[in-house]
Amino acid sequence: MKKIKSLIYAGIAASALAACSDEAPDSVLTVTVDGAECKAGVPVCFKIDGKADNIVFYSGEPGHEYNLRDRRYADNDLLVDFVSFTDQNKSVHSNLQLLVSCDFNGIYDAENVAAATWVDVTDKFTLPQVTGQNTPSGSVSLKEYAGDDNDALIYFAFRYYDMDGVAMKNRWVVRSINIEKVSPEGGRFTLADIKTAGWKNVTMSGTGAWTLPGSQLLAAGNVSTSDKDLWAVSAGFNIHTSEPSTGIVLKNIATNMSEYHYTYEKAGEYEAVFASSSVWHNSESTSTTTVKVTVTK
């Protein structure tokens, strides 16, 4: 009986020793593109050879670049465009402004709005020259006004103000607005639109307020000649933060993979990266395999 027990214990010990000596599979991959030509809109077939347990694929397109996966801040651009409309008068009175600030403290009252530094950027945009027409402003870069600090916020304000002696003011409507940041690589990310910009009313003088139903901004004129200075002020936006590049998980330890198909929608030169790893309790192996892909139209 003792002999049998000894043999059992010896077997268990041998198994444990063998398990401890096992090492994680080599994570190095060999990846090739199947076919001589890659075309936009047509799946590219990547042939994969290797024993890695885990594979994550980065296509090399904007937003999916391996070397930018951990970037927190970037020299992003800020693009703004909107559509405006005016009526209630045969002529257009220039009593609509778009202003920006990067030192507003976020307290939406007349005192704190007045204390901030606001830059009038109206003349960079196209506004209606005649009444009754929806007018696209054009897309304008406002990056220079966004502040240099990585944590700086930029605020937007549409300002409607009466002009002395003008009896029938225009009704101004902002139909839409798009606020986007653009990465140095050309990736576009929406910061806000007309519904999500967080508009709040601030009456600087006179009476009244913008109508903020969500789908548009409305400042209505009337026959009164009393002064009005009415602001619709947005939330603050940070254009400096970088959206981390993301990859696609292709394989984990429970799956096998010998090829992967991916479609590039635009022609260009791409560096596709396969980040592979094998991580066990007693060892690990990590590797990256880069494949240059030329995609034609």
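See the values below:
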read-out: The range 242-261: number of residues that are among the hydroxyl-bearing types (Ser, Thr, Tyr) and surrounded by fewer than 16 Cβ atoms within 10 Å (Cβ to Cβ); value: 3
read-out: Selected residue (criterion: farthest from residue 232 (Cα to Cα)) from residues of the range 144-182 that are at pLDDT 95 or above and among the hydroxyl-bearing types (Ser, Thr, Tyr); value: 145
read-out: Which numbered condition residue 198 fails, given (1) assigned to a strand (DSSP E or B); (2) touching a Ser or Thr at 6+ places or on another chain (Cβ under 6 Å); value: (1)
read-out: Residue check, residue 92 more than 20 Å from residue 210 (Cβ to Cβ), more than 30 Å from the chain's Cα centre (by Cα), part of a loop (DSSP other than H, G, I, E, B) and of a type in the set (A, V, I, L, M, F, W, C); value: no
read-out: Filtered residues of the range 116-147 (kept if free of Cβ contacts under 8 Å to residues at least 12 places away in the same chain and either under 14 Å from residue 96 (Cα atoms) or part of a strand (DSSP E or B) (or both)); value: 123
read-out: Selection count, the range 22-41, where residues are part of a loop (DSSP other than H, G, I, E, B), open to solvent by 70 Å² or more (accessible area, probe 1.4 Å) and either farther than 25 Å from residue 263 by Cα or of a type in the set (Asp, Glu) (or both); value: 4
read-out: Cβ-Cβ under 6 Å pairs, at least 6 apart or on other chains, the range 278-297 side farther than 11 Å from residue 54 by Cα and open to solvent by less than 90 Å² (accessible area, probe 1.4 Å), far side modelled with pLDDT of 95 or more and not in a strand (DSSP E or B); value: 289/29; 295/40; 295/264; 295/267; 296/267
read-out: Residue pairs meeting the criteria (Cβ under 7 Å; at least 6 apart or on separate chains; first under 16 Å from residue 143 (Cα atoms), in the range 66-89; second open to solvent by 30 Å² or more (accessible area, probe 1.4 Å) and part of a loop (DSSP other than H, G, I, E, B)); value: 73/150; 74/184; 75/184; 79/139; 81/138; 81/139
read-out: Meets criteria (surrounded by 20 or more Cβ atoms within 10 Å (Cβ to Cβ) and either free of Cβ contacts under 8 Å to residues at least 40 places away in the same chain or closer than 20 Å to residue 154 by Cα (or both)) for residue 59; value: no
read-out: Options 209, 272, 254: the member that is in a strand (DSSP E or B) and out of contact with any Asp or Glu (no Cβ under 7 Å at 6 or more places or on another chain); value: 272
read-out: Residue selected from the range 35-87 under the condition within 30 Å of residue 217 (Cβ to Cβ) and among the hydrophobic types (A, V, I, L, M, F, W, C), by the criterion farthest from the chain's Cα centre (by Cα); value: 85
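Quick grid of which residues meet (1) part of a loop (DSSP other than H, G, I, E, B); (2) out of contact with any Asp or Glu (no Cβ under 7 Å at 6 or more places or on another chain); (3) open to solvent by 30 Å² or more (accessible area, probe 1.4 Å):
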site	(1), (2), (3)
155	no, yes, no
169	yes, no, no
175	no, yes, yes
178	no, no, yes
189	no, no, yes
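The values are calculated or read from the model by the stated rules, or taken from the named source; none is laboratory data. Since the model is a prediction, treat every value here as computed from it, not as a measurement. Methodologically, a virtual Cβ is constructed for each residue, glycine included, from the backbone with ideal geometry; neighbour enumeration extends over all protein chains shown. We work out accessible area using only protein heavy atoms, side chains counted, and drop any ligands, DNA or RNA first. Shrake-Rupley method; radii C 1.70, N 1.55, O 1.52, S 1.80 Å.
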